[in-house]
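Take a look at the structure below.
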Amino acid sequence: MTMKEITDGLKNLLLDNHYNPVTIQFYEREWKKIQSFLMTEYGDEGFDMERGLAYLEKQYGFQTKYNDGTLSQQRVQLLRVVHMLEDYRLHQVLTRRYYASKNPIRLNPYYAGIHTGYCNALSSSGLSKSTIGHYTSISMVFMDYLSQKGIRPVSAVCLDTCNGYLRTLAGYSFKTVE
């Protein structure tokens, strides 16, 4: 995918997920810098993780600063930018690699109703509080994925859908994926 295809899709998802306009502007500025780097270094706008990491190293000395312990938290946010681009390129969804306290997942009314019913069923299941909490949070992330992919009704969920979601968990621990 080209940077334009990726960033157009991501911007729509950021807007749909109620991201702050200032945050969106930050991402757009970085995306333009990456796009310029790709044209200068490679002569095209094709994006992948390797090229994204090459940008971080050339522009900010990312790997070097990481290795010597001088990488600032502000610069670590730039890795999120590259991960976001790569995740969209691979999965066409906005994945969340950390707890987004400033921008929690808000399910659309269709999936919010299903999630509420699921949580009510969990509450009367006799499962431990910890298990219920885990199932509640992971089901919300899954339903957010379904919503972003435009999968509705729930009866349209198939094995390919589930496998696509599982691919978004690549890099997580076995226990998390389980």
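Every number in this text was worked out from the coordinates using simple rules, so none of it is lab data. None of the values given here were measured: they were computed from a predicted structure. Note that we place each Cβ from the backbone using ideal geometry, even for glycine, and neighbour counts take in every protein chain shown.
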If the label point sits 7 Å along Cα→Cβ of VAL177, residues of segment 77-91 with amide N under 20 Å come out as 83-84, 86-91
Kirkwood Rh (inverse of mean 1/r, distinct Cα pairs), the chain, angstrom
18.1
Which shape class applies to segment 109-177: rounded if a/c is under 1.5, otherwise prolate when a/b exceeds b/c and oblate if not, where a ≥ b ≥ c are the square roots of the Cα gyration tensor eigenvalues?
oblate
Computed [θ] at 222 nm, deg cm²/dmol, the chain (DSSP H ≥ 4; -39,500 (n - 2.57); rounded to nearest 500):
-22000 deg cm²/dmol
Rounded, prolate or oblate: pick one for segment 42-101, where a ≥ b ≥ c are the square roots of the eigenvalues of its C-alpha gyration tensor, a/c under 1.5 means rounded, and failing that, prolate if a/b is larger than b/c, else oblate.
oblate
Residue separation times 0.36 nm, minus the C-alpha to C-alpha distance between SER125 and VAL157: what's the value?
9.1 nm
Quick check on segment 3-91: take the gyration tensor over C-alpha atoms, sort the square-rooted eigenvalues as a ≥ b ≥ c, and tell me if it's rounded (a/c under 1.5), prolate or oblate.
oblate
Segment 13-32-segment 49-84 distance, computed between alpha-carbon centres (Å):
19
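Can you give the FRET efficiency to the nearest 0.05 for LYS58 and ILE114, using r as the Cβ-Cβ distance and R₀ = 45 Å? Walk me through the intermediate numbers first.
On the way: r = 46 Å, r/R0 = 1.02.
The calculated FRET efficiency here is 0.50.
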Residues in segment 36-62, backbone N under 18 Å from the label point at ARG75 (7 Å along the Cα-to-beta-carbon vector): list them, ranges by number please.
52-62
